[in-house]
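The values are calculated or read from the model by the stated rules, or taken from the named source; none is laboratory data. Fair warning: this is a prediction, and the values are worked out from it, not measured in the lab. Because the Cβ atoms are built from the backbone with ideal geometry, glycine has one as well, and the counts that use them run over all protein chains shown.
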Amino acid sequence: MQLNPHLPLVYHPNYSFSFDPNHRFVMSKFAYLYEHVQNLGLINDNLTQPMLGSPEPLELVHCENYIQDLWHNRLDEKAMRRIGLPWSKELMARTFTAPLGTLQTARLALKHGVACHLAGGTHHAHTDFGSGYCMVNDLAFTSETLIKSGEVTNILIFDLDVHQGDGTAAMLAHQPYAYTCSIHCEKNFPFRKSASDLDIGLAPNVADSEYLSVVDDTLSYLLNTLNPDLVLYDAGVDVWQQDGLGKLDISWQGIAQRDHLVLKRCLEHNVPVATVIGGGYDKDHRRLAARHGIVVEQAARF
């Protein structure tokens, strides 16, 4: 099938910077993902670069003290340990730019039907603390921005990262027009889950057919029930059977089928869909980037 070279994509060169290559979090994956997507012939005049970020926009959903302390390197050692990343100016630049990238992707999806962010999905960040390699929550930020501006009436966050989207669930718990759904491995991080509007915790080692059936049934039900103006799709690839932090048994082909299915269902319902890459862990950084590229490739098939 022909890939559409005009699929709207969002990326900023500051997403990857010089970083410990042995760290569990693969900082190079964003640049490698860009390269991978470029090799697929999908990068031309369709690429949007978000503005450089700063703390102030994020105060819409995060506590001002937390955001300012994070930006100015005033968080204590315990708070930084919970985040799991070493503070640097480069890290702050990418951390505060990426949520603007997700917002930009959502706006492009509203205009074109589908758009992909080559980053995003930092769903473990809470109002006043970061966790699990996530410092600010792009999904909560994008949802609140679009709802408060009147650009959407209601929004569905469909989170298929292998880890529960605890930060997003907690931050949007009192936002009636944002519906959070997380399908994840139950016996995995975070060990204290927040309550999403709908949580489906899977047993370890669930394989393709059962997984795809749950994803399809759940999404079809939500699209019919909610009729959302937009779906924010967290296409985490840590569900892969060989992922370092996964615990599910989903094949590479299973991920491709999942992403195709999610996009197809949204577009069948005429619901715009914006994708973010979510989590993925692999000592082979280029292989990880190719795995994150699956959702972009699937989106380019529509």
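What is the one condition in (1) surrounded by fewer than 24 Cβ atoms within 10 Å (Cβ to Cβ); (2) out of contact with any Phe, Trp or Tyr (no Cβ under 9 Å at 6 or more places or on another chain); (3) not β-branched (V, I, T) that A299 does not satisfy?
(1)
Limited to segment 123-140, what total is found for residues that are assigned to a loop (DSSP other than H, G, I, E, B), over 20 Å from Y281 (Cα atoms) and not hydroxyl-bearing (S, T, Y)?
3
Take the residues in segment 270-284 that are buried (at least 16 other Cβ atoms within 10 Å of the Cβ) and out of contact with any His (no Cβ under 9 Å at 6 or more places or on another chain); name whichever of them is nearest to D161 (Cα to Cα).
That would be Y281.
Residues are listed down the side, and each one gets a yes or a no for (1) closer than 25 Å to H112 by Cβ; (2) out of contact with any strand residue (DSSP E or B) (no Cβ under 6 Å at 6 or more places or on another chain); (3) basic (K, R):
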{"position": "D197", "(1), (2), (3)": "no, no, no"}
{"position": "A203", "(1), (2), (3)": "no, yes, no"}
{"position": "S213", "(1), (2), (3)": "no, yes, no"}
{"position": "P228", "(1), (2), (3)": "yes, no, no"}
{"position": "Q241", "(1), (2), (3)": "no, no, no"}
{"position": "W252", "(1), (2), (3)": "no, yes, no"}
{"position": "A256", "(1), (2), (3)": "yes, yes, no"}
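For segment 128-171, enumerate the residues that are without any contact (Cβ under 8 Å) to a residue 24 or more places away in the chain and not hydroxyl-bearing (S, T, Y). Show your work before the answer.
Initially, segment 128-171 is screened for residues without any contact (Cβ under 8 Å) to a residue 24 or more places away in the chain, giving 149-150.
Hit for segment 128-171 is G150, nothing else.
Any idea which of R74, R107, R82 is surrounded by fewer than 17 Cβ atoms within 10 Å (Cβ to Cβ) and in a helix (DSSP H, G or I)?
On the way: R74 fails: in a helix (DSSP H, G or I); R107 fails: surrounded by fewer than 17 Cβ atoms within 10 Å (Cβ to Cβ).
The match here is R82.
Quick check on my filter: what residues within segment 142-162 are under 11 Å from the mean Cα position of the chain (by Cα) and either aromatic (F, W, Y) or surrounded by fewer than 20 Cβ atoms within 10 Å (Cβ to Cβ) (or both)?
Scanning segment 142-162 gives a single hit, F158.
In segment 163-186, what count of residues is obtained for those that are of a type in the set (S, T, Y), under 16 Å from the mean Cα position of the chain (by Cα) and not in a strand (DSSP E or B)?
1
Any residue that is under 18 Å from the mean Cα position of the chain (by Cα), farther than 26 Å from S143 by Cβ and either modelled with pLDDT under 95 or not aromatic (F, W, Y) (or both) - is there at least one of those in segment 262-283?
Checking segment 262-283: at least one residue is under 18 Å from the mean Cα position of the chain (by Cα), farther than 26 Å from S143 by Cβ and either modelled with pLDDT under 95 or not aromatic (F, W, Y) (or both).
How many residues are part of a helix (DSSP H, G or I), free of Cβ contacts under 8 Å to residues at least 60 places away in the same chain and over 19 Å from D159 (Cβ atoms) when one looks only at segment 282-302?
Step one: list which residues in segment 282-302 are part of a helix (DSSP H, G or I), which gives 285-299.
From what's left, free of Cβ contacts under 8 Å to residues at least 60 places away in the same chain: 287, 291, 294, 298.
Next, only the ones that are over 19 Å from D159 (Cβ atoms) stay: 287.
Total meeting the criteria: 1.
Exactly one of (1) aromatic (F, W, Y); (2) at pLDDT 95 or above; (3) part of a loop (DSSP other than H, G, I, E, B) is unmet by F189. Its number?
(2)
Look through segment 9-33, keep the residues that are under 16 Å from the mean Cα position of the chain (by Cα) and of a type in the set (F, W, Y), and return whichever of them is modelled with the lowest pLDDT.
F25
Scan segment 260-281 and give yes if some residue there is assigned to a helix (DSSP H, G or I), charged (D, E, K, R) and closer than 17 Å to H117 by Cα, otherwise no.
No, the conditions are met nowhere in segment 260-281.
Please tell me if R74 is more than 23 Å from P8 (Cα to Cα) and charged (D, E, K, R).
yes
Looking only at segment 256-279, which residues are at positive phi and in contact with an Asp or Glu (Cβ under 9 Å, 6 or more places away or on another chain)? Outline the logic, then answer.
Step one: filter segment 256-279 for residues at positive phi, giving 270, 278.
Across segment 256-279, the qualifying residue is only G278.
Given (1) part of a helix (DSSP H, G or I); (2) surrounded by fewer than 21 Cβ atoms within 10 Å (Cβ to Cβ); (3) over 18 Å from the mean Cα position of the chain (by Cα), where does N4 come up short, assuming only one miss?
All conditions pass for N4, except number (1).
Checking the condition assigned to a helix (DSSP H, G or I), of a type outside the set (K, R) and either on the phi > 0 side of the Ramachandran plot or at pLDDT 95 or above (or both), which residue from G101, G120 passes?
G101
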